[in-house]
Structure formats: C-alpha cells, structure tokens
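Asker: Structure incoming, see below.
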Amino acid sequence: MGSQLSRINEETRKFDDYAYAVTTIDEEHRLTHDGYTFKISYIVSALVTTGEHDLLIRIPAGKGPPHIRRWRFKPTNAPCTVEFFENATYSAAGAAVTPVCHNRTKKTVAGTLFSTGPTITADGDVLDTQLATTAAKDTGSPTDSFGEEWIFDADGAERVYLIRLTNTSGGNIDVGVEIFFYELPYGKDTSSLVFD
C-alpha cells in the first residue's frame with residue numbers, strides 16, 4: 001500500500017491546480033500555487049539604543065519543519081545586531097504574529113507559530129549572528145538572510161527558535177521585519193485518493 005500511495009501521490013502532484021498541465025515552473029513558484037508559502041511582516045517601532053526585540057518561532061509537536069527562504073531586517077539607522085538561536089526556552093510566548101498565505105485563493109493556515117515579546121528563560125544555541133544595516137551610502141544593504149535556506153528541525157516534540165534584534169546604532173530606531181517561508185505537507189492528506 002505504501003509504494004502504491006507514493007506512486008499515486010507523485011502522479012497527482014505533477015499537475016498544477018491553475019493549469020491542468022505538468023509543472024514546469026520552479027519549486028517556490030509551484031509551492032505558492034499550492035498554497036504552502038507564507039510571510040510575516042511587521043515594524044518594530046522606537047527600539048531604544050541597546051534595546052532588544054525578540055521573535056519566538058515554534059514548531060508544534062507533529063508539525064513538519066518550515067523552510068525559511070528569506071528574512072529581511074531593515075533598521076532606520078545602523079547597525080542592528082541580529083542573532084539566531086536554536087533550542088531556546090520560554091515561560092510565556094508573547095503576542096502572536098499570524099503568517100499570511102501567499103495564495104489568497106487557498107488561504108492555507110501555517111503550522112509554524114510566531115510571537116513577539118516572549119519571556120525567554122534561556123537563549124539556546126547561537127546558529128548565526130549578523131549586522132543589519134541601512135541602505136544609505138557606505139553603510140551596506142539590509143540583512144536579507146542568514147546565508148541560504150534554513151530548514152528548521154522538527155523531531156516530534158515542540159522545537160523552539162529565537163531571533164533577537166539588538167539596537168547598537170546609538171539612537172532610537174524602527175526596524176522592518178519580514179520572513180518568507182514555506183511548509184511541505186505533500187503526502188500527508190490522502191483523503192482524496194482512491195485505491196483499487
């Protein structure tokens with residue numbers, strides 16, 4: 001049954017919902033068509049000098065891992081330190097930030113949970129540290145990402161990640177935050193499949 005299900009999934013999946021033809025567009029484009037790409041975006045206002053802003057990212061138990069494709073941090077003055085942690089712990093999650101599905105005809109709900117202002121009890125393990133700069137002359141460009149794509153761990157238990165912005169500019173700043181990601185639920189929903 002498992003190999004039969006796999007063959008049916010692969011045969012069905014190659015067709016695009018919007019044009020019943022075999023997919024020839026790139027993966028990210030196709031994922032958007034299928035309703036599996038998401039974005040969060042918001043502005044951190046008046047972050048005081050040396051002040052911190054925390055964004056908590058949680059993958060609930062049983063959910064597949066998000067693939068973070070792009071994240072941008074755009075401060076109004078430079079620099080701003082951006083740190084990325086794995087295995088953070090918290091006592092309160094903070095205020096939810098709801099991801100928006102890029103395909104507005106499907107409006108799929110993301111499994112990954114984002115929140116700001118959490119109460120952090122341990123930062124966890126540092127995976128990466130960057131400087132976000134302004135796009136002004138001689139100050140570089142905004143931080144687009146931590147290298148290439150990140151695939152978060154999801155091993156059956158809740159997994160917790162943390163992004164921390166620290167204002168090191170010497171004055172109050174605003175910071176634009178944008179994270180684009182996708183989730184891969186292919187093969188999980190077999191309710192529409194018919195077997196011989």
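The values are calculated or read from the model by the stated rules, or taken from the named source; none is laboratory data. The shown structure was predicted, so the numbers you read here are calculated from the model rather than taken from an experiment. For neighbour counting, all protein chains shown are included, and Cβ atoms are generated from backbone atoms with ideal geometry for every residue, glycine included.
Asker: Just to be sure I understand, how many residues within the range 36-57 are of a type in the set (A, V, I, L, M, F, W, C) and either over 14 Å from Trp71 (Cβ atoms) or outside any strand (DSSP E or B) (or both)?
Answerer: First pass over the range 36-57, keeping only residues of a type in the set (A, V, I, L, M, F, W, C): 38, 40, 43-44, 46-48, 55-57.
Pick out the ones that are also either over 14 Å from Trp71 (Cβ atoms) or outside any strand (DSSP E or B) (or both) and you get 43, 46-48, 56.
Number satisfying all stated conditions: 5.
Asker: Could you list all residues from the range 149-181 that are over 15 Å from Val44 (Cα atoms) and buried (at least 22 other Cβ atoms within 10 Å of the Cβ)?
Answerer: First, pick out the residues of the range 149-181 that are over 15 Å from Val44 (Cα atoms): 149-162, 170, 180-181.
Passing the criteria: Val160, Tyr161, Leu162, Phe181.
Asker: Right, another one. Filter the range 63-80 down to the residues that are part of a loop (DSSP other than H, G, I, E, B) and either over 11 Å from Tyr182 (Cβ atoms) or among the hydroxyl-bearing types (Ser, Thr, Tyr) (or both) and list them by number. Spell out how you get there, then give the answer.
Answerer: Pass one, the range 63-80, residues part of a loop (DSSP other than H, G, I, E, B): 63-66, 76-79.
The answer is Lys63, Thr76, Asn77, Ala78, Pro79.
Asker: Here is a follow-up. Is it true that Ala78 is assigned by TED's automatic domain parsing to the domain that holds Gly170, crowded, with 18+ Cβ neighbours inside 10 Å and at pLDDT below 90? Working first, answer last.
Answerer: Details: assigned by TED's automatic domain parsing to the domain that holds Gly170: yes; crowded, with 18+ Cβ neighbours inside 10 Å: yes; at pLDDT below 90: yes.
The answer is yes for Ala78.
Asker: Same structure again: What number of residues within the range 81-112 are assigned to a loop (DSSP other than H, G, I, E, B) and crowded, with 16+ Cβ neighbours inside 10 Å? So that I can check it myself, show each step before the final result.
Answerer: Initial filter on the range 81-112 (assigned to a loop (DSSP other than H, G, I, E, B)): 87-88, 93-94, 98-99, 102-112.
Of the ones still in play, those that are also crowded, with 16+ Cβ neighbours inside 10 Å are 88, 93-94, 99, 102-103, 108, 110-112.
Qualifying residue count, the range 81-112: 10.
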